[in-house]
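J.: To start, I am sharing the structure in question, which I have written as structure tokens.
The values are calculated or read from the model by the stated rules, or taken from the named source; none is laboratory data. As the structure is a computational prediction, the values presented were derived from the model and not from experiment. For neighbour counting, all protein chains shown are included, and Cβ atoms are generated from backbone atoms with ideal geometry for every residue, glycine included. Accessible surface areas use protein heavy atoms only, side chains included; no ligands, DNA or RNA. Shrake-Rupley method; radii C 1.70, N 1.55, O 1.52, S 1.80 Å.
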Amino acid sequence: MSLVEAIVYLIASGGHGLRVEQITDMINARGLHKRKDGKPVTIQQVYAVIMRHRETFVKEDGRIRLIM
């Protein structure tokens, strides 16, 4: 699963917005995405993906939500 797919999956499954830290922790705990070097994803990586996909995500009140 790509990192953006993992983020969408988690936010859609929760039904509400999540903080970037929560998203990162959940991706790593569930093994939804691994970096090419096998290390866990970082908060910076998750945040960068969210900012690159402004058509998909919105940041409100410190939480990331899907644009519907």
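J.: Run the numbers for Lys39 and Arg65: contour at 0.36 nm per residue of separation, minus the present Cα-Cα distance, in nm. Display every interim value, and only then the final one.
T.: Details: separation 26, 0.36 × 26 = 9.36 nm, distance 2.58 nm.
Length difference between fully extended and current span is 6.8 nm.
J.: Helix 43-52 sits at what angle to the longest principal axis of the chain, using alpha carbons and giving 0 to 90 degrees rounded to 10?
T.: Computed tilt is about 50 degrees.
J.: If contacts are Cα pairs under 8 angstrom and at least 6 residues apart, what is the relative contact order of the chain in percent?
T.: It rounds to 38 percent for the chain.
J.: Per residue, how much accessible area does the chain show when a 1.4 Å probe rolls over the protein heavy atoms, in square angstrom?
T.: 64
J.: Taking the 0 to 90 degree range and rounding to the nearest ten, how far is the long axis of helix 3-14 tilted relative to the main principal axis of the chain, both from C-alpha atoms?
T.: 50
J.: Could you check how much of the accessible area of the chain is carbon and sulfur, as a whole percent, using a 1.4 Å probe? Could you put the intermediate results ahead of the total?
T.: On the way: 2280 of 4340 Å².
So the carbon and sulfur contribution to the accessible surface is 52 percent.
J.: Quick one: which residues, 5+ away or cross-chain, put their amide H under 5 Å from the amide H of Phe57? H built at 1.01 Å from N.
T.: Ile67
J.: Can you list the trypsin sites (Lys or Arg not before Pro) in the range 2-68 that are in a DSSP coil and have 11 or fewer other beta carbons within 10 angstrom?
T.: Within the range 2-68, the qualifying trypsin sites (Lys or Arg not before Pro) (loop, at most 11 other Cβ atoms within 10 Å) are Arg35, Lys36, Arg54.
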